[in-house]
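Novice: Take a look at the following structure, please.
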Amino acid sequence: MGKTLCKLVDDDYLDEHFKGYSELVKSPNYICKKCGRASNDEKKLCKPKKIKE
Ligand SMILES: [Zn+2]
């Protein structure tokens, strides 16, 4: 997986890989400022913003 979550969702990744997707978002530390998606890996977001100090 080299793509961001933002892009993966657009490509129907969530429908086909629900379990893997869940692992990326179950304890999010970052929110994408552009798309509003959340992830525990900033590399998976196109405009990551940390939400926990
Ligand atoms: Zn994004």
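Novice: Quick test for you: out of Lys3, Lys52, pick the one residue that is assigned to a loop (DSSP other than H, G, I, E, B), out of contact with any helix residue (DSSP H, G or I) (no Cβ under 6 Å at 6 or more places or on another chain), within 13 Å of the ligand (Cβ to nearest atom) and basic (Lys, Arg). Give the derivation first.
Specialist: Values: Lys52 fails: within 13 Å of the ligand (Cβ to nearest atom).
Selected residue: Lys3, the only one of Lys3, Lys52 that is assigned to a loop (DSSP other than H, G, I, E, B), out of contact with any helix residue (DSSP H, G or I) (no Cβ under 6 Å at 6 or more places or on another chain), within 13 Å of the ligand (Cβ to nearest atom) and basic (Lys, Arg).
Novice: Being part of a helix (DSSP H, G or I), out of contact with any helix residue (DSSP H, G or I) (no Cβ under 9 Å at 6 or more places or on another chain) and surrounded by fewer than 15 Cβ atoms within 10 Å (Cβ to Cβ), is that true of even one residue in the stretch 23-39?
Specialist: Our first condition is that a residue be part of a helix (DSSP H, G or I); within the stretch 23-39, this holds for 23-25.
Then keep just the ones that are out of contact with any helix residue (DSSP H, G or I) (no Cβ under 9 Å at 6 or more places or on another chain); that gives 23.
Among the residues that remain, those that are also surrounded by fewer than 15 Cβ atoms within 10 Å (Cβ to Cβ) are: 23.
Yes, there is a match, as at least one residue in the stretch 23-39 is part of a helix (DSSP H, G or I), out of contact with any helix residue (DSSP H, G or I) (no Cβ under 9 Å at 6 or more places or on another chain) and surrounded by fewer than 15 Cβ atoms within 10 Å (Cβ to Cβ).
Novice: Answer with yes or no whether Leu45 is within 9 Å of the ligand (Cβ to nearest atom), aliphatic (A, V, I, L, M) and touching a strand residue (DSSP E or B) at 6+ places or on another chain (Cβ under 9 Å). Please lay out each step first, then the result.
Specialist: On the way: within 9 Å of the ligand (Cβ to nearest atom): yes; aliphatic (A, V, I, L, M): yes; touching a strand residue (DSSP E or B) at 6+ places or on another chain (Cβ under 9 Å): yes.
In short, yes.
Novice: From the list Leu14, Leu45, which residue is touching a Ser or Thr at 6+ places or on another chain (Cβ under 8 Å) and among the aliphatic types (A, V, I, L, M)? Walk me through it before giving the result.
Specialist: Values: Leu14 fails: touching a Ser or Thr at 6+ places or on another chain (Cβ under 8 Å).
That would be Leu45, the only listed residue that is touching a Ser or Thr at 6+ places or on another chain (Cβ under 8 Å) and among the aliphatic types (A, V, I, L, M).
The numbers here are math on the coordinates, done by the rules we state, and not lab data. Just so we're clear, the structure is a prediction, and the values are computed from it rather than from any experiment. Virtual Cβ from ideal backbone geometry, glycine too; neighbours counted across all protein chains shown.
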